[in-house]
Every structure is written in structure tokens, then in C-alpha cells.
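A.B. asks: Have a look at the structure that comes next, please.
Any read-out appearing in this document is the output of simple, stated calculations on the displayed coordinates, not a laboratory observation. Predicted model, so just to flag it, every value in this text is computed and none were measured. Don't worry about glycine lacking a Cβ; one is built from the backbone with ideal geometry, like all the others, and counts go over all protein chains shown.
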Amino acid sequence: MSATRPNLAAAYDPESFRRLGHQWVDQLADHLARTLRREGPVLPWASPATHVERFPANFPEEPSGVLPDLLTRVITDSHHLHHPHYVGHQVSAPLPLAALCDFASSLLNNGMAVYEMGPVSTAMEHNVLRWMAGVLGLPEGAGGVLTSGGSAGNLTALLAARQAKAGFDAWNGGPTAGPPLTVLVPETTHYCVARSTKVMGWGAEGITPVPVDAHYRLRPEALEESLAAARRAGRRPIAVVASAGSTATGAFDPLEAVADFCAKHDLWFHVDGAHGASAALSPRYRHQVKGIERADSVVWDAHKMMMMPALITAVLFRDGNRSFEAFAQEASYLFTGQDTRRWSDVALRTLECTKEMMALKLYVCLSALGTKLFADAVTESFDLARRFAERLQSSGDFELAVAPDCNIVCFRHTPKGLPASELDALQVRLRESLVTSGDFYLVQTTLGGRVWLRTTLINPLTTDEDLEALLEALRRAA
Ligand SMILES: *Cc1c(COP(=O)(O)O)cnc(C)c1O
């Protein structure tokens, strides 16, 4: 190849790869060092149109000298999630070791739809999932799959729930082969749950909302009425989806009460723990997810509180065999023999055919860094959120939306003398000011018809002093 196709030979040349790899790691390490020192903006804000112009598709026909400048510009213009002033969405500041694993995964590219294409990553996935099931307290025999994000994870779990509880074969017969189905969900459920039921063809009434209390937690005493209302409307309820860490406020639904209700009515009990299942890692906070061990299925994102880069989501089933029903080619009761239930051919049970070596980063980081790092990260971020909430409450010019269950804190600035009618607009302006200046990155949400600033303390490098600086920055901007 090298004689006749020099460009190809150069592109695959191991020595160039070695040199370039060292340069890139150096550049990324320098970036990490600067960011950890709080240098530079969190988000170097620019409009979508500006970025479209900055990164045009002017691709040359022959190799060019764009490196290393191109990487420098990518680093500079990107959002800097390791900056301790990043307190926005539920996206992690990844462990550098995990990033190296993704790098290795990309080169090895063991796609793992079938065992032979990813023998190591398939085994790691199997064992990482068993470990996670153990952390949650699921029984022996629990198992599942890794998939690309909580949204795909919830769809996967609900497909299995449908096959188990619909009473007809919706996989082959379609959603109209039986009565219309629905799942009971707290009003605060993540939008992907409604998307999943719509993807399954259940329409808008595929979710039946259950009211939440003043703390934004599902009200278990309201479940009976929601169930009855769904039935009156001609729907067959098959499951309850509880949130372990709702998205807006991080509220944990009362899982034990939901488990009791599901047992009583023979409903599938699914826990959307995309954000909060990680609480089970923390001896101090695992009580928040008490009852999760009774779930039929759980979704748990490791790319949120477990410091993994996107994406790695566990879909766990208390009976690991249920995972085969999500994408069953036939109804589960028709399965015969072992052929269609090979655990080692992961694509039998995932939306993806080819996927990354997803388990690699988590397996390697748990092996090399130890489990305590992960437990401590959860405990410390929840502690930090509680101290921040106390600070807000004693401040006199900030209002806390609700006492935090986890590491999500919603609040608003209420400077003296400003009429209540102007407070919503103020929060919007404050957020915009801090975000576009690059000083902090935080988001906003609407609760009870009012606008609140929303922070997720997901970066383990964020300190009390950073949060004090955030309040000062908000006061200045106001
Ligand atoms: C983040 C989140 C999701 C979506 O997960 P992705 O990994 O972003 O697809 C779903 N549910 C809850 C409760 C979440 O916090």
C-alpha cells in the first residue's frame, strides 16, 4: 500500500500516530491544567452562526497543515466542563483516565453487536452491569445492557415492560393488537419517557400523570386515583415510572411506596435513575434510593454522577432475562431454546447494533481508581449542595426553591426593593449575563410558574468558595 498510496500509508503510519498522540495529550493536559486553575471562560459564548463560519467545510483534496491549530481552536471554543464554575446541566467533568479509555476504544473499535466483534468489552459490560446491580441491591440473576444514554435506556426498559405486562404481543401485532396502554409517571418525569411511549405508538395518553407534592416528589396516595382515571379513559396501565432524581429539582420519588403499589396492582416498576441511581454508591445518601432494589428495571447513567464521558447508560433488570424481551423478535412466551437468548451477543438486547466499547471506561476507572472515589464524589456533591442551600437561605437576598435531595439546587435572586412581578425577567437576564460573560455556566427552569436559576453541582472540583463567588457575581450582575 505504501508505494502506490502514500497518503494512506501516512494516515496509518504508527510513528506519526505516536508523535501526534503525544502532542494532543500534551495540549489537552495543558488545557485541563488551565481550566482547573479557573483560567479562561467556562463557555466562550458565540452564536451558532458564528461557529458555523468558524468551522467551515473547506476540506482540501490533499493532506494539509491544519494541525495542531485546529485542535487548539476546538479546545478554545468548546464549553469547558472541568472549570469549577461549570454548574449547569447534568453532564460530567470526565475523569481524564476515562477519556483515554474512549481514545483506546476508538482505535480498537470492538463494536460488540456480537461477541466475536468485542470479546473483552462484552465481558466487561456483563461484569460491570452485575456490579452495578449489586450496588443497587438487586437480587442474584439481575442483569441488563449498556446503551447510549438515559433516553434510549428508558425506551429499552419500557419495551420490556410492555412485552411483560401488556397481555398481548405488541411487538409483532403493533399497539392496536390489544387495548391502548399507558404508564403512570410523576408530573415531573423526564420528557424522554413521553417520547418513549409515543415512539411505541401509544399517543399522548400513553403517559398518565400522577401529581407531585410541594417537594416535587410523586404523591403515592395519588396513585390509586391516577390508575382509576386511566382505566375510566379506557387505558390499560402496565407500569409506574418513578424518578430517582427528577430532572428539574433532583427530587427522589418515594420508591418503597411505589414498589408496594406496583406489587398490589401487578404493575411493572421502573425507576428512571439516570441522574440519581448513583446515590446508591454513597453510604451517607443511599437511603434516598431505598426501594430501588425492588424495581423491575432501572436506568442509571454513568455519564452523569460517575464522571464518565458521554455515553454510558446501564439498563438493569431484576430478572436479567427480561432484557431479551425489549427487542424480542417473538413474544417472550414463544422463545425456545438458547439461540435467541445469548447474553454474549449484546445487540439482541439493545437499540444499537454496533456500539462503542462502552464498558471499557467504567471498568478501567473502577479497577484503577477504586470504588471509593465514586462513592466520595456522590457524598461530597450532595453535601456541597446542602451547604449551598443553607447559604442561600441565610443570605437574605436569595430564595431557595426547595431543599435539595441531591446535587441539584434551584434558587432565585430577590434583591430588596424589586417588585415580585419583575423577578422572573431578572433571573433570565442574570443567567444570560453570567453565561455570555463566561464567568459561570448555570441553567434555568420553571417551577410553580416562576423562573428559577438551576445549578447541578456535578463537577467534583467545584468548592464552597466557587459557589460564594457565584452569588457575588449574581449580585454584581443585578
Ligand atoms: C438525564 C436524564 C435523562 C436523559 O438521559 P440522557 O443520558 O441525557 O439521554 C432521563 N431521565 C432523567 C431523570 C435524567 O436525569
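A.B. asks: Would you please name the GluC sites (Glu not before Pro) within region 353-406 that are DSSP coil residues with at most 13 other C-beta atoms within 10 Å of their C-beta? List each step's numbers first, then the result.
C.D. replies: Numbers: sites: GLU356, GLU380, GLU390, GLU399; in loops: GLU356.
Loop-located and lightly packed - none at all.
A.B. asks: Express in nm, to one decimal, how much length is gained between VAL74 and HIS265 on full extension, taking 0.36 nm for each residue of separation and deducting their alpha carbon distance.
C.D. replies: Working: separation 191, 0.36 × 191 = 68.76 nm, distance 5.32 nm.
My answer for the length gained is 63.4 nm.
A.B. asks: Which order do the peptides 287-295, 187-195 take when ranked by the mean count of other beta-carbon atoms within 10 Å per residue, highest first?
C.D. replies: The densest-packed peptide leads the list: 287-295, 187-195.
A.B. asks: Looking at region 1-107, which trypsin sites (Lys or Arg not before Pro) are in a loop (DSSP not H, G, I, E or B) and have at most 12 other Cβ atoms within 10 Å?
C.D. replies: Numbers: sites: ARG18, ARG19, ARG34, ARG37, ARG38, ARG54, ARG73; in loops: ARG37, ARG38.
The qualifying sites are ARG37.
A.B. asks: Based on alpha-carbon centroids, what's the gap between region 16-65 and region 100-128 in Å, whole number please?
C.D. replies: Distance between centres, Cα-based: 27 Å.
A.B. asks: Would the chain count as rounded, prolate or oblate if I go by the C-alpha gyration tensor, calling it rounded below 1.5 in a/c and otherwise prolate when a/b exceeds b/c, oblate otherwise? The partial results should precede the final answer.
C.D. replies: Working: a/c = 1.82, a/b = 1.08, b/c = 1.69.
Judged from the Cα gyration tensor, the chain comes out oblate (a/c at least 1.5, b/c at or above a/b).
A.B. asks: Would you kindly derive the ³J(HN,Hα) couplings of region 269-276 from the backbone phi angles with the Karplus curve 6.51 cos²θ - 1.76 cosθ + 1.60 (θ = phi - 60°), listing them in order in whole Hz, with x for Gly and Pro?
C.D. replies: Coupling constants for region 269-276: 10, 10, 10, 7, x, 3, 8, x Hz.
A.B. asks: Another question, if that's okay. Among DSSP beta bridges whose residues both lie in the chain, state the antiparallel percentage, nearest 5. Let's see the in-between values first.
C.D. replies: Numbers: 24 of 41 bridges.
Bridges in the chain that DSSP calls antiparallel: roughly 60 percent.
A.B. asks: Got a sec? Charge dipole of the chain, +1 on Cβ for Lys and Arg, -1 for Asp and Glu; which of LEU442, LEU158, TYR363 is way out at the positive end?
C.D. replies: The listed residue farthest towards the positive side: LEU158.
A.B. asks: Follow-up. Could you tell me which helices of the chain pass both thresholds, a Cα extent of 24 Å or more along their own axis and a mean Kyte-Doolittle hydropathy of at least -0.5, with helices taken as whole DSSP H runs?
C.D. replies: Details: long enough: 14-36 (32 Å, -0.70); 119-136 (26 Å, 0.47); 371-395 (36 Å, -0.30).
Both cut-offs are met by 119-136, 371-395.
A.B. asks: Can you list the residues, at least 5 places off or on another chain, whose amide H is less than 5 Å from the amide H of PHE398, using H built in the peptide plane?
C.D. replies: Distant-sequence amide H within range of PHE398: THR414.
A.B. asks: Sorted by average packing, counted as other Cβ atoms within 10 angstrom per residue and highest first, what order do 7-14, 342-349, 167-174 take? Walk me through the intermediate numbers first.
C.D. replies: Numbers: 7-14: 10.9, 342-349: 19.2, 167-174: 15.6.
Highest-to-lowest ranking by the protection proxy: 342-349, 167-174, 7-14.
A.B. asks: Something else now. Is there a quick way to get the dipole size of region 192-350? I mean about its Cα centre, with the Cβ of Lys and Arg at +1 and of Asp and Glu at -1; what is the value in debye to the nearest 20? Don't skip to the answer; put the middle values down first.
C.D. replies: Values: 19 positive and 18 negative charges, 36 e Å.
Roughly 180 debye, rounded to the nearest 20.
A.B. asks: Let me ask you something else. Give the residue list of GluC sites (Glu not before Pro) in region 46-124 that are DSSP loop and have at most 14 other beta-carbon atoms within 10 angstrom. All intermediate terms of the calculation are to be shown ahead of the outcome.
C.D. replies: On the way: sites: GLU53, GLU61, GLU116; in loops: GLU61.
Passing sites in region 46-124 are GLU61.
A.B. asks: Could you point to the residue in ALA328, PHE252, SER433 farthest towards the positive end of the chain's charge dipole, with +1 and -1 charges on the Cβ of Lys/Arg and Asp/Glu respectively?
C.D. replies: The residue sitting farthest along the positive end of the dipole is PHE252.
A.B. asks: Hey, if you put +1 on the Cβ of every Lys and Arg and -1 on every Asp and Glu Cβ in the chain, which of VAL183, HIS83, PRO14 ends up farthest toward the positive end of that dipole?
C.D. replies: VAL183
A.B. asks: Pairs of Cα atoms under 8 Å, at least six residues apart: use those to get the relative contact order of region 108-369, whole percent. Provide the component values of the computation, followed by the final result.
C.D. replies: Details: 544 pairs, mean separation 77.8, N = 262.
After rounding, I find 30 percent.
A.B. asks: On to the next question. Run the numbers on the chain and let me know its relative contact order in percent, using alpha-carbon pairs under 8 Å that are six or more apart.
C.D. replies: On the way: 882 pairs, mean separation 102.7, N = 478.
It rounds to 21 percent for the chain.
A.B. asks: Within region 192-221, what residues put their amide N at less than 19 Å from the label point 7 Å along the Cα-to-Cβ vector of GLN393?
C.D. replies: 213-217, by backbone N distance to the label point.
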